[in-house]
Amino acid sequence: MITLSGMTEVRLSSADQDDVFSQRIREQWTDQLGRRLDILIAGCGRGGALDVGRYEPRMTGVDEDLPPLRAHTANRGDLEASYLGDLRLVPIPPRSFDVVYVSFLLERIRHAELVLDRLVAGLRPGGLLLLKMRDRKSAYGFCDRVTPRWLRRALWRTLAPAGSVGPLPAVYEPLASREGIQAYCLMRGLMIAEDYSAVSGPARRGPHGGLVAVVCRAVAALSRGGLNGTEDEITMVIRRPQNHFARLI
């Protein structure tokens, strides 16, 4: 499938996508002539681990201040610093990071575009934005956002894999879609270098994943093509140009 950005949308497993991220980080380290990289992990409370190999970058985490996210962040050993709170206010110094990894964050926060603006501003010219998010236009994402909060909490104990962080808010603003990110990058002069799809929703990987898959296919069929009934994850490698004025008009 060819996306609006001109890139080919590829379907890979989540493990293969993690390998892609690791490779891009290695390339970024090489481009910096071996200088120690600065990496920001936005969404550090849910997961957001990166395989950085032997490069030992300085890693900083940011996320909302919610009890399950706070507990997970406190147990991480890969962060030199972490900040939890309103993501419109947590410290993100401009042009301070070589890589910003946004890990399943945009679909669960309000003011997502404003927060993403702050994260992108934290990138140095030529830096990488590595993005993973749940797709608003997937059947899984649709079910996640329309299910009442009390019911999501009840279902989580049955459907999610053991040890999963959640259930977290399900906001899904328009930015949390492939088209939303493409439009955002076009307006900000960012280049989408790679675009992947995958299946990674917690309930799809849980003990009743087969049943959840059937429900997603049924919801997609009822939407008459409006929702993706198979993949639910969007993964992108996005680059901030070296030249601020290198933008599509």
Taking R0 as 30 Å, what FRET efficiency do you get between Gln242 and Val215 from their Cβ-Cβ distance, rounded to the nearest 0.05?
0.05
I'd like the accessible area for His72: 1.4 Å probe, protein heavy atoms, all chains in place, Å² to the nearest 10.
60 Å²
Provide the percentage of antiparallel DSSP beta bridges, counting only those with both residues in the chain; round to the nearest 5.
40 percent
Given a 1.4 angstrom probe, what's the average accessible area per residue across the chain, in square angstrom?
48 Å²
Linear extension gain, Thr230 paired with Arg35, 0.36 nm per residue minus alpha-carbon span
66.1 nm
Loop only per DSSP, at most 16 neighbouring Cβ atoms within 10 Å: give me the GluC sites (Glu not before Pro) in segment 31-134, ordered by residue number.
Glu80
Quick one: pull the percent of accessible area on the chain belonging to carbon and sulfur, 1.4 Å probe, ligands and nucleic acids left out.
56 percent
Once the piece of chain linking Tyr55 and Arg76 is laid out straight, how much longer is it, given 0.36 nm per residue of separation minus the C-alpha distance between them?
5.8 nm
Using DSSP to define loop residues, name the trypsin sites (Lys or Arg not before Pro) in segment 168-219 whose beta-carbon has at most 16 other beta-carbon atoms within 10 Å.
Arg205
Mind pulling the angle between the C-alpha long axis of helix 178-188 and the longest principal axis of the chain? Nearest 10 degrees, somewhere in 0 to 90.
20 degrees
List the chymotrypsin sites (Phe, Trp or Tyr not before Pro) within segment 146-249 that fall in a DSSP loop (any state other than H, G, I, E or B) and whose Cβ has at most 12 other Cβ atoms within 10 Å.
Phe245
Return the whole-Å distance between the Cα centroid of segment 116-145 and the Cα centroid of segment 76-115.
11 Å
Using only the alpha carbon atoms of segment 114-249, find the Kirkwood hydrodynamic radius as the inverse mean reciprocal pair distance, in angstroms to one decimal.
16.3 Å
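The values are calculated or read from the model by the stated rules, or taken from the named source; none is laboratory data. Quantities reported herein were computed from a predicted structural model and do not represent experimental measurements. In this analysis, Cβ positions are derived from the backbone assuming ideal geometry, glycine residues included, and neighbour counts consider all displayed protein chains. These area figures cover heavy atoms from the full protein model, side chains too; ligands, DNA and RNA do not enter into them. Shrake-Rupley method; radii C 1.70, N 1.55, O 1.52, S 1.80 Å.
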